[in-house]
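Values in this text are rule-based calculations from the coordinates and carry no lab data. Keep in mind it's a predicted model, so treat the numbers as computed, not measured. Positions of Cβ are generated from backbone atoms using ideal geometry, with glycine treated the same way; all protein chains shown enter the neighbour counts.
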Amino acid sequence: MLKINQLQCKVTDLQKAVNDFKELGFTVCWGADPERASNAFIYFDNGPVIELFLMPDIAYYAASVFGVFYGSSAKRRWKYWCRSNEGWCDFNLKSDNEEASLENIGNIRNHVKNKNITVSRVIKGHRTQPDGQKLKFGYFVTDPVELPFITSDYHIKNTIKKVKHKNGAKEIEWVKVGVNDKNRNKLELLTGDDKKIILVPSEHTNIIEIGIKGLKNKLDGNRLHGAKIVSLD
């Protein structure tokens with residue numbers, strides 16, 4: 001069964017976004033050496049992770065080349081990320097059992113494809129953490145681009161331990177996703193009975209806001225880079 005795994009928040013200035021989220025009381029972990037990183041992560045004790053990421057200008061033009069190797073769905077997804085405004089841009093799902101391994105991502109792809117959902121080829125990626133540890137993973141994207149994509153576990157257990165946030169944040173309690181009639185059936189097929197996902201009728205399919213449990217204070221929206229977060233007692 002697929003469960004929500006990670007929320008993508010697109011930003012245009014990663015260093016500023018990291019600083020802003022830290023000032024809001026979150027512990028933020030760079031995805032790579034800060035001098036070269038294109039993403040950073042906000043981990044919680046349980047459940048989904050927040051990824052702050054940016055897309056360099058060249059990525060839009062590189063998307064066509066990317067599509068040659070991984071399919072037109074991958075090309076459209078990259079362009080979708082590039083064109084998106086700051087804020088919640090996408091989210092991914094992951095199997096909630098041992099089948100989420102990198103070696104098994106192809107089988108998960110076939111499972112999703114058998115639900116009559118268009119998918120890209122499997123994309124193998126990696127990132128090197130600031131401590132030098134290399135993490136490998138695989139993922140594939142779905143069509144239309146508003147649907148979540150699916151990822152594997154890292155090839156080794158992530159070294160991130162339990163993280164404490166100064167603002168008291170414990171975990172993401174729910175993710176409110178707007179969905180239009182065109183995408184609703186496929187989104188329900190992908191997310192199943194994931195209790196953290198709340199689907200609401202909307203003209204567009206996208207994340208509307210998330211609720212975080214344990215936050216001591218309401219967050220300053222001007223520092224959230226377009227991401228809407230609700231403080232839950």
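Of the GluC sites (Glu not before Pro) found in region 159-218, those that fall in a DSSP loop while having at most 11 other beta-carbon atoms within 10 Å are 203.
Classify region 10-77: rounded, prolate or oblate, from the alpha-carbon gyration tensor (a ≥ b ≥ c, eigenvalue square roots; a/c under 1.5 rounded; otherwise prolate if a/b is larger than b/c)? Prolate, because a/c is 1.5 or more and a/b exceeds b/c. Computing FRET efficiency as 1/(1 + (r/R0)^6) for residue 110 and residue 184, where r is the C-beta to C-beta distance and R0 is 25 Å, gives about 0.60.
Label-to-label distance, residue 222 versus residue 62, with points set 7 angstrom from Cα along the beta-carbon direction: 3.5 nm. Got a sec? Charge dipole of the chain, +1 on Cβ for Lys and Arg, -1 for Asp and Glu; which of 126, 197, 215 is way out at the positive end? The Cα lying farthest towards the positive end belongs to 126.
A crude spin-label estimate for the pair residue 171 and residue 85, with each label 7 Å from Cα along the Cβ direction, gives 3.2 nm.
For the modelled label position 7 Å from the Cα of residue 45 along Cα-to-Cβ, which residues of region 13-35 have backbone nitrogen atoms closer than 20 Å? Residues 25-29 qualify, since their backbone N sits under 20 Å from the label point.
Each of (i) 1, 6, 13, 19, 21, 19, 13, 6, 1, 0; (ii) 1, 6, 11, 14, 14, 13, 11, 9, 7, 5, 3, 2, 1, 1, 0, 0; (iii) 1, 6, 12, 15, 13, 10, 8, 7, 7, 7, 6, 4, 3, 1, 0, 0 is a candidate for P(r) over Cα pairs in 5 Å bins from 0, in percent; the one calculated from this structure is (i). Each peptide in 116-122, 148-154, 189-195 was scored by the mean count of other Cβ atoms within 10 Å over its residues; highest first, the order is 148-154, 116-122, 189-195.
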